[in-house]
1. Thinking of region A:5-99 as a set of Cα atoms, what percent of all their pairs are more than 19 Å apart?
2. Would you work out the relative contact order for chain B, in percent, from Cα pairs under 8 angstrom that are 6 or more residues apart?
3. Heavy-atom accessible surface, probe 1.4 Å, ligands and DNA/RNA ignored: which residues of region B:29-58 lose at least 50 Å² versus the isolated chain?
4. What is the packing order of peptides B:8-20, A:38-50, taking the mean over residues of other C-beta atoms within 10 Å and listing the highest first?
5. If you average 1/r across every pair of different Cα atoms in region A:1-53 and take the reciprocal, what Kirkwood value do you get, in Å?
6. When the dipole is taken about the Cα centre of region B:1-86, and only Lys, Arg (+1) and Asp, Glu (-1) are charged at their Cβ, what size is it in debye, to the nearest 20?
7. For the protein assembly as shown, just list the percent of Cα-Cα distances falling in each 5 Å bin from zero outward, please.
8. Straight-line reach only, C-alpha to C-alpha below 30 angstrom: list the lysines that A:Lys70 could link to, leaving out same-chain residues fewer than 8 apart.
Amino acid sequence: TQLLEQSPQFLSIQEGENLTVYCNSSSVFSSLQWYRQEPGEGPVLLVTVVTGGEVKKLKRLTFQFGDARKDSSLHITAAQPGDTGLYLCAGTYSSASKIIFGSGTRLSIRP
Amino acid sequence: DSGVTQTPKHLITATGQRVTLRCSPRSGDLSVYWYQQSLDQGLQFLIQYYNGEERAKGNILERFSAQQFPDLHSELNLSSLELGDSALYFCASSVGSSGRLGDTQYFGPGTRLTVL
C-alpha cells in the first residue's frame, strides 16, 4: 500500500519553465522531507518541513507543507538542466522512527 | 559524498544464493537504515539499527536479516535469492535513533544486486 502518492510520475519540460510536484497522503505526518536522487547515487535531503502551512525556500525551490500536514508541494522556478533527477517526498509519523517514501517524480529538463 | 560507504557497488548472483551487503556509516552516526529500491516498489524501508540494536522494522522479508557490529558498521544478509530481489539496496545513517526533524539520514551510493 502506497501511503504517499506523488504526481506527476514523469515530467519533461523546457529549461526556464516553472513546475510543481505534489505529494499527497491520507495520513497526518509529523514531518515531511523532500529528497533528490541522481542516477547511480543515493537520495540527498533537500528540506524538512514540520509545521502545517510551512513554506521553505531553497534558491529556486519552494516547498510547502499542507495545513493538515497530509500533503506537500515542491515548486521550481526557471528550471535548469541541473534540476534533472528523481524527486522523492518522505513522511515520518510521530509514533515511529521509520520514513515512508513516496513513489517519486522523475524530472527531466531539456536545454 | 555523504560519508556513508557501501560495498560492493555491484553484485550479480544466481537464484537460491546468499549474499552480504556491507555499510559503513558516517563518523559519529549511531543509526543505520537499510532500504530497497526497485522500479515497481519505489524506495522501501527495510530495517533500522541503533547502536547495535534493532530499532525499527519495515517491509523486510524473513529471508533477509541484518546486524550492526560494535564498530557500528552494518551488514544486510539476503538468502535464498529470487529474481524479484534484484534491486538497489541503500544504506543510510543518522546521528540519533529517530527519523524525525533534526535527525537527517545520509544515504550511501547503494549496491546494485542482480539475481539471474
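1. Result for the distance tail: 39 percent.
2. Answer for chain B is 36 percent.
3. Residues meeting the cut-off: B:Leu43.
4. A:38-50, B:8-20
5. Kirkwood hydrodynamic radius for region A:1-53: 13.4 Å.
6. I would put it at about 80 debye.
7. Binned Cα distances yield the sequence 1, 7, 15, 19, 18, 17, 12, 7, 3, 1, 0.
8. Filter leaves A:Lys56, A:Lys57, A:Lys59, A:Lys98, B:Lys57.
The values are calculated or read from the model by the stated rules, or taken from the named source; none is laboratory data. Bear in mind the structure is a predicted one, so any value in this text is a computation, not a measurement. In this analysis, Cβ positions are derived from the backbone assuming ideal geometry, glycine residues included, and neighbour counts consider all displayed protein chains. Accessible surface is based on the protein model in full, side chains and every heavy atom, while ligands, DNA and RNA are left aside. Shrake-Rupley method; radii C 1.70, N 1.55, O 1.52, S 1.80 Å.
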